[in-house]
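*Asks:* Here it is, the structure, as structure tokens.
The values are calculated or read from the model by the stated rules, or taken from the named source; none is laboratory data. None of the values given here were measured: they were computed from a predicted structure. Ideal geometry is used to build each Cβ from the backbone, glycine not excepted, and the neighbour counts take in all protein chains shown.
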Amino acid sequence: MMQQLTVASLNRDMKFEGFLLVRSAEQRTSSNGGKYLDMTLCDTTGDINCKMWDGTVQPPKQGSVVKVRGTVQEYNGRLQMRIERLRNPGPEDDIDASVLMPCAPEPPDSMLREINRVIDRMRTPELQAIVREMIRMCGDKLMYYPAAQRVHHAERSGLLHHTLSVLRAAEAILPLYPFLDGDLLRAGCIAHDLSKTAEFVSDESGNVSDYSAEGQLLGHLVHGVAQVREAARRAQVEGEYVLLLSHMIISHHGQPDHGSPRPPMFPEAEMLHLLDDMDAKMNEMEGVMRRTPAGAFSEKIWSLDRRLYHPRTGAVQAEPEPRTDFDAYSGLL
């Protein structure tokens, strides 16, 4: 078992030596013409931008593990590590993948089973057939794809984690608003982000290397509408539910500034937007609380456009609870 500091525990002026997972790495040219490495390295508790001012060192492969020695600094209000030494692990190194790989807190097969049980209980055959086909169209990617490259649920199986969290929130809130079409909301929760499996390119450890051509030219909202239409065609479903589910996908970001060309225009679409936004923000805030000491303010969180305060009375611990289901992932590193 490796004994080393976690990324979440790092503070300014601290020394670090240990193994980290490479989220991204590239060689860049500085203003004076010198070359340097710009990297994002991570463990299960978070990631940190790293600079190595040595133009002779080639960037490590994304998804690989490296051993680094460096000093934590602060730049523009965010922590950054200045790397002094970097090497690939050797056979003598005892590397525990569970310390390095950000993963969803539940096994992907368990999360998918719960989603499928919800689909099985639907009483609207048209919606049931569409979302079941959409799940099938995603294939094995659904088991390991993250929900984002950097922001919320940027972890192995993060897409399933986010989907199930939004679905669970919908199940909890539906009794409060009995006028809502429960199956339509459930279908929207399941379908709203599934096209992220086509939006970007991820390896099986959940590292996103880039956005796909479809992701850059269309995005997951537009592609998601096409996915709904194709799933409906394959399932031989016609009628208004196809239109309603398509609208829920294209409007779930809520407003044009966030990518939605249409605002939510019926209650189930509005509720999906609210639940999606809530789950994304809560997931990101949870991560910020874990790496921010109680009684202190975080760095500015750019996606939220604010700093966050970690109350001294807060229930979120500085370190996440240890995972117990990493054996299934250990062969990936």
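*Asks:* Looking at the stretch 57-94 only, could you name the residues that are touching a residue at least 12 places away in the same chain (Cβ under 8 Å), not aliphatic (A, V, I, L, M) and not in a strand (DSSP E or B)?
*Replies:* Q58, P59, P60, K61, Q62, G63, S64, G77, N88, P89, D93, D94
*Asks:* While we're here: Check M265 against each of (1) among the aliphatic types (A, V, I, L, M); (2) under 30 Å from R12 (Cα atoms); (3) surrounded by fewer than 20 Cβ atoms within 10 Å (Cβ to Cβ) and name the one condition it does not meet.
*Replies:* Going through (1) among the aliphatic types (A, V, I, L, M); (2) under 30 Å from R12 (Cα atoms); (3) surrounded by fewer than 20 Cβ atoms within 10 Å (Cβ to Cβ) one by one, M265 breaks only (2).
Matching residues to (1) modelled with pLDDT of 95 or more; (2) hydroxyl-bearing (S, T, Y); (3) within 14 Å of L112 (Cα to Cα):
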| residue | (1), (2), (3) |
| --- | --- |
| R132 | yes, no, yes |
| I135 | yes, no, yes |
| H153 | no, no, no |
| S157 | no, yes, yes |
| H162 | yes, no, yes |
| A170 | yes, no, no |
| P178 | yes, no, no |
| D181 | yes, no, no |
| I190 | yes, no, yes |
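*Asks:* Going through L37, L5, L41 one at a time, which residue ends up being closer than 26 Å to E286 by Cα and touching a residue at least 40 places away in the same chain (Cβ under 8 Å)? Spell out the reasoning first.
*Replies:* On the way: L37 fails: closer than 26 Å to E286 by Cα; L5 fails: touching a residue at least 40 places away in the same chain (Cβ under 8 Å).
Selected residue: L41, the only one of L37, L5, L41 that is closer than 26 Å to E286 by Cα and touching a residue at least 40 places away in the same chain (Cβ under 8 Å).
*Asks:* Right, next: Just to be sure, is E199 surrounded by 21 or more Cβ atoms within 10 Å (Cβ to Cβ), touching a Cys at 6+ places or on another chain (Cβ under 6 Å) and free of Cβ contacts under 8 Å to residues at least 60 places away in the same chain?
*Replies:* Details: surrounded by 21 or more Cβ atoms within 10 Å (Cβ to Cβ): yes; touching a Cys at 6+ places or on another chain (Cβ under 6 Å): no; free of Cβ contacts under 8 Å to residues at least 60 places away in the same chain: yes.
Spelling it out, it is not the case that E199 is surrounded by 21 or more Cβ atoms within 10 Å (Cβ to Cβ), touching a Cys at 6+ places or on another chain (Cβ under 6 Å) and free of Cβ contacts under 8 Å to residues at least 60 places away in the same chain.
*Asks:* Here is a further query. If I ask for residues that are part of a helix (DSSP H, G or I), surrounded by 15 or more Cβ atoms within 10 Å (Cβ to Cβ) and touching a residue at least 40 places away in the same chain (Cβ under 8 Å), which ones from the stretch 217-256 would you list?
*Replies:* G219, L221, Q227, V228, A231, A232, Y241, V242, L244, L245, M248, I249
*Asks:* Which of the residues that make up the stretch 141-169 are assigned to a loop (DSSP other than H, G, I, E, B) and of a type in the set (V, I, T)? Reasoning before the result, please.
*Replies:* Pass one, the stretch 141-169, residues assigned to a loop (DSSP other than H, G, I, E, B): 145-155, 157.
V151, the sole residue that qualifies.
*Asks:* What residue, among those in the stretch 8-21 that are outside any loop (DSSP other than H, G, I, E, B) and touching a residue at least 60 places away in the same chain (Cβ under 8 Å), is nearest to E84 (Cα to Cα)? Reasoning before the result, please.
*Replies:* To start, the set of residues in the stretch 8-21 that are outside any loop (DSSP other than H, G, I, E, B) comprises 8-9, 15-21.
Within this subset, residues satisfying the condition of being touching a residue at least 60 places away in the same chain (Cβ under 8 Å) are 8-9, 16, 19-21.
On the way: A8: 20, S9: 20, F16: 10, F19: 14, L20: 14, L21: 17 Å.
Restricting to residues being outside any loop (DSSP other than H, G, I, E, B) and touching a residue at least 60 places away in the same chain (Cβ under 8 Å), the top hit is F16.
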